[in-house]
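The structure appears right after this line, and notes come after that.
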Amino acid sequence: MAGTVWALATQVLPAGPAVALEGRLTRHRVRLWREALALARDNAALGVGPGRFGDLGTTAAQSLVPDGRPHSAPLQQAAEQGLPGLALPAAVFCWVLYALWRSPRPTPVVLTAGAALTVLAACAAVGNALSFTAVSVGAGLLAGVATARPLGEGGTGAAAQSRRRRGSLTP
């Protein structure tokens, strides 16, 4: 999804798919994306600063209800925080998927969490889903529950490891 958004913003998609996507996503949103990409190009190292997209972008101010966001998490990160700011959430998403892969939780829990977080990432690529605190907190809670060790496994601290080496799991 992020690649498609980026391709649409840079106008590298063929005319047919580009027109179809632009019609479904609205011209205003695509203009926001193009503006965010232009800001990201001009300020690739550090970005324009957190929350400054609305101040520097002309398209965002022309909206009926200006919220100062480009409605794409990757493009907003790239515009406001530069390439390092874009790399960090991408690395976190990959790390969460790796943690889910290594999770001791049952397979249905891990697959459901992975699917939900992937859908959230896709929604964030074309919208402003991560702009709501409840959504971000819910995603963190879901990732935490799906990757945590089940209760009663004896813990992971030094004392629990020492008891396991001795063969005793009781305190």
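The values are calculated or read from the model by the stated rules, or taken from the named source; none is laboratory data. Note that this is a predicted model, so its numbers are computed, not measured. Quick reminder, even Gly has a Cβ in these numbers, built from the backbone with ideal geometry, and neighbours come from all protein chains shown. These area figures cover heavy atoms from the full protein model, side chains too; ligands, DNA and RNA do not enter into them. Shrake-Rupley method; radii C 1.70, N 1.55, O 1.52, S 1.80 Å.
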SASA check, residue 130, accessible area w/ 1.4 Å probe, all protein chains in place, rounded to nearest 10 Å², comes out at 80
Label model pair residue 97, residue 132: point-to-point distance (7 angstrom along the Cα→beta-carbon line) in nm is 2.5
Given 96-102, 11-17, 146-152, 29-35, the highest-first ranking by average Cβ count within 10 Å works out to 29-35, 96-102, 146-152, 11-17
